[in-house]
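The values are calculated or read from the model by the stated rules, or taken from the named source; none is laboratory data. Model, not experiment: these values are computed from the prediction. Virtual Cβ from ideal backbone geometry, glycine too; neighbours counted across all protein chains shown.
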């Protein structure tokens, strides 16, 4: 099943992240199930298996931009969604994620198996005419502009696939509020990192912060909780987070995986 993007495929919101200790997971899930509506799943498969393939430049410029806290920075990834092991019939998207002064803007396009293979195995450019039927709600000029935007980033940064991350997700929604819980995170490096690049990054002032971010996640096995919102976080959710001493943290699955690969 190839996913078709039914809306405009453009999402703008604030994303807050928390690391929830594993022993608190069941209580958290029960609380969210009582107060929000389960999303992206079914009674047969309450969790969604997600595979993300991340792209970066040969010198890992997008990784380094994250820790430089640049006001504007990007991530490019493909995603496959499945209930179990991935198959060629699973839904696939390509996403350009832009962080701009605290706001996250995500441009998402549905792609087919052929485009997925081209992106992941070397030809990191999209062709609008090849994916128009998978994005039926997008006007041709909008689709073309989105494709050009993604291709421009690929060209500007010489992007290539560098990391594959797989995890299980439960998602909940109410109105514009979306809450996701990710666990069982696994990663695989897809491209060798040049020894000189590895050395420069490990000698950089930010690398201590990168290692500390990973340590927080690994020291106490955690569920990655993400609260995604356009308006203020509801008071009942803020109270829950405060009562359980959950504080917003700077965490990136991609940056965690690359940091671990560098060590």
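For residue 164, are the conditions met, namely being in a strand (DSSP E or B), within 21 Å of residue 33 (Cα to Cα) and in contact (Cβ under 8 Å) with a residue 60 or more places away in the chain? Reasoning before the result, please.
Values: in a strand (DSSP E or B): yes; within 21 Å of residue 33 (Cα to Cα): no; in contact (Cβ under 8 Å) with a residue 60 or more places away in the chain: yes.
Here the answer is no, as residue 164 does not meet what is asked.
Assuming residue 131 fulfils every condition listed in (1) without any contact (Cβ under 8 Å) to a residue 40 or more places away in the chain; (2) surrounded by 12 or more Cβ atoms within 10 Å (Cβ to Cβ); (3) closer than 25 Å to residue 36 by Cβ apart from one, which condition is it?
(3)
Consider residue 62 carefully, then state whether it is outside any helix (DSSP H, G or I), within 24 Å of residue 256 (Cα to Cα) and either under 14 Å from the mean Cα position of the chain (by Cα) or touching a residue at least 12 places away in the same chain (Cβ under 8 Å) (or both).
Spelling it out, it is not the case that residue 62 is outside any helix (DSSP H, G or I), within 24 Å of residue 256 (Cα to Cα) and either under 14 Å from the mean Cα position of the chain (by Cα) or touching a residue at least 12 places away in the same chain (Cβ under 8 Å) (or both).
Among 171, 191, which is within 21 Å of the chain's Cα centre (by Cα), free of Cβ contacts under 8 Å to residues at least 40 places away in the same chain and either surrounded by 13 or more Cβ atoms within 10 Å (Cβ to Cβ) or within 30 Å of residue 39 (Cβ to Cβ) (or both)? Show your work before the answer.
On the way: 171 fails: free of Cβ contacts under 8 Å to residues at least 40 places away in the same chain.
The conditions single out 191.
Please find, within region 3-13, the residue that is modelled with the highest pLDDT out of those that are within 26 Å of residue 184 (Cβ to Cβ) and under 15 Å from the mean Cα position of the chain (by Cα). If you could, list the steps in order and put the result at the bottom.
From region 3-13, those within 26 Å of residue 184 (Cβ to Cβ) are 3, 11, 13; that's our starting set.
Subsequent filtering for residues that are under 15 Å from the mean Cα position of the chain (by Cα) retains 11, 13.
Details: 11: 75, 13: 86.
Looking at the filtered set, the residue picked out is 13.
Does region 173-225 hold any residues that are part of a strand (DSSP E or B) and over 18 Å from residue 248 (Cβ atoms), and which are they? Spell out how you get there, then give the answer.
Just the residues of region 173-225 that are part of a strand (DSSP E or B), to begin with: 173-174, 177-189, 222-225.
Of everything in region 173-225, those that are part of a strand (DSSP E or B) and over 18 Å from residue 248 (Cβ atoms) turn out to be 173, 174, 183, 184, 185, 186, 187, 188, 189.
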